[in-house]
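This report refers to the structure that appears directly beneath it.
The values are calculated or read from the model by the stated rules, or taken from the named source; none is laboratory data. Owing to the predicted nature of the structure, the values given are computational and were not obtained by experimental measurement. Using ideal geometry, Cβ is built from the backbone for each residue, glycine included, and neighbour counts are taken over all protein chains shown. Keep in mind that these areas ignore ligands, DNA and RNA; they rest on the heavy atoms of the full protein, side chains included. Shrake-Rupley method; radii C 1.70, N 1.55, O 1.52, S 1.80 Å.
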Amino acid sequence: MAHRDLYEELGVPRDGSQKLIKKAYLKLARKYHPDVLEEGECKETAEARFKRATAAYEVLSDPLKRREYDAGRMDFGSGGGGGPPP
């Protein structure tokens, strides 16, 4: 799987504040949540987008995980656990 940029995933700049990150996540979560899709939208696509936004928010909303990600020590795109190194 190719590396995904978490900031792009949420549509925020790299120096975005926690408040901005949360606001962007909530907007995407409301838009792509499988339970609130508008008629005609692809449920699988929306669900995948919702999961990516949630995963990005889980990293970027936690200051320690965000520092690890920014330092390049967290390979988010590989599907790994994202935990601390051994």
Checklist entry - What length, rounded to one decimal in nm, is gained on full extension from Asp70 through to Ala48, with 0.36 nm per residue of separation minus their alpha-carbon distance? => result 5.6 nm
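The stretch 7-64: which GluC sites (Glu not before Pro) are DSSP loop and have at most 10 other beta-carbon atoms within 10 angstrom? Could the numbers behind the result be given before it?
On the way: sites: Glu8, Glu9, Glu38, Glu39, Glu41, Glu44, Glu47, Glu58; in loops: Glu38, Glu39, Glu41.
Passing both the DSSP loop test and the Cβ count: Glu38, Glu39.
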Checklist entry - Roughly how much of Val36 is accessible, in Å² to the nearest 10, using a 1.4 Å probe? => result 80
